[in-house]
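Rule-based calculations on the coordinates, nothing more; no lab input. Because the structure is a prediction, the values reported are computed rather than measured. Note that each Cβ is placed from the backbone with ideal geometry, even for glycine, and that neighbours are counted across all protein chains shown.
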């Protein structure tokens, strides 16, 4: 039997376990990336291990989230990140250089490699034929220390593409179509692998967009073959020497296959407040639009911005629309400028922002309350934009620019003949934008500003857990809801006592104070709990407040790993209807939890106001050891 692309990479990198669905495996990691919203913790964690230098082939620290220096906190974290990178052997991409996912594939991504990152959209690397997985920061720190990535061997979801995308339809519409069909949890426990004759029509911008949002359908990774399009992209970036062909064998087998005719896809839009709440642009046509943003990790590529420029030639954005452009990278900005695109966009009334995440995580560009904000970004969770009562819609650059022109949601197919994009033979790039690590690490002193606090220490798991239900939430709770992003919160990312004050702030402003008053407790949730961003603060800050267990119907993959890594026991209802029998304020007792975890029990009985119900702990032997130790770093340090 032949192998898929994902299987070939895993087989080459396998160091522990067997390649069977449901079995925990360990794979060798070639590259890591961090971004500043999560990276400060990664370097605090790595530093606590007492290892002088990274043990990966390549690690890169990107400063792309908190790039607005509105006070001293972000600037101090940037100095900490730069000095840490210099000392530990890590390359640094400084503020304004671009979003990690853009810069990494431009400068560092290599087909066939394993890349992990402390950002859920690390899956973007799959566009190059990499196995690229988003994980928690502690797992990145361990990989930088030379440890494998551990994950449950996923099922392989083959998506066979036929046909060709029609004019004014792009890769964003393809991934939105999959979200419409399969929901935000359709890819849980799976790697998405794209193949078939339709691949030939998907350029690197489309592939990057699709791979980026693979995590938003719940997938562990999304991967494309390394083919002629990959080679052309690397050649334009003067890295053709990094190319190797990597395709699935003709007789490769997938656990499931979806047939998708590209000709059938039309312009789509994800409505508030989840990326899978998808409707056609035609259905929504005529809605007034107040803000349009083109860019971000998902659609900030050269092609994305140039199609907007082509559509705007000789025209101006509607007077009622705040039209904004977020280049994915400085390289993109320079090359679009060289080809005349930015002059066109500026004349059309666009505001050109620096390269970075910005409005995607509520760092500026907050929309007016209730006003429609149409964005090419990957997520639209309530409040993520920086406005509590927002109305964020997600779409392609084509739909975005059409709507910016008319001031209303508009099907881009009304723009007339499709504009062909001309590419440079090679992209302009300045190698000096990337700062290499110090040649003499002993001479580097790590700079810790006043906002950078020591990493908190936690006790091992107690014998039994008793506590009050501090909060009960519903389905599809995102990490943005657990711990908000935005300029109000993220500057405290390296100050756990301070950032813990914002836990569940969007839904319950009194949560943090109540947790401290009660001495911690337990949280109850519904399906797909912890979807979205990989930020480990959404597990670490509740742990700091004394949360010892979470009981839900089901967990999102990365958040569950983060909970385990910080010693919070992740339990699932065996009977989902038991969720309805629980109320905030009830008292829960979990007897002999340490002993049950140690001996491998999957069924964990709990007592709620004297009534027993059964929960399930799905965890590997390694995960159980981590829980007993009180967290991954405790276990690594032997405490």
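Figures for the structure shown
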quantity	calculated
Ordering of 227-235, 141-149 by packing [mean C-beta count within 10 Å, highest first]	141-149, 227-235
Sites residue 462 and residue 369, calculated FRET efficiency, Cβ-Cβ separation with R0 45 Å, nearest 0.05	0.50
Estimated FRET transfer efficiency (residue 507, residue 599; beta-carbon r; R0 56 Å; 0.05)	0.95
Gain in span if fully extended, residue 316 to residue 258, counting 0.36 nm per residue against the direct Cα distance	16.8 nm
Ranked by how many other beta carbons lie within 10 Å on average, peptides 398-409, 297-308 from highest	297-308, 398-409
Rel. contact order, % - alpha carbon contacts under 8 angstrom, at least six apart, the stretch 80-167	17
Overall form of the chain per C-alpha gyration tensor (a/c, 1.5; a/b vs b/c)	rounded
Percent antiparallel among DSSP beta bridges (both partners in the chain, rounded to 5)	30
Chain lengthening between residue 164 and residue 288 when straightened (0.36 nm per residue, less Cα-Cα)	41.5 nm
Theoretical gain in end-to-end length, residue 181 to residue 12 [0.36 nm per residue, Cα-Cα removed]	57.5 nm
Computed helical MRE - 222 nm, the chain, DSSP H runs ≥ 4 contributing -39500 (n - 2.57), nearest 500	-8000 deg cm²/dmol
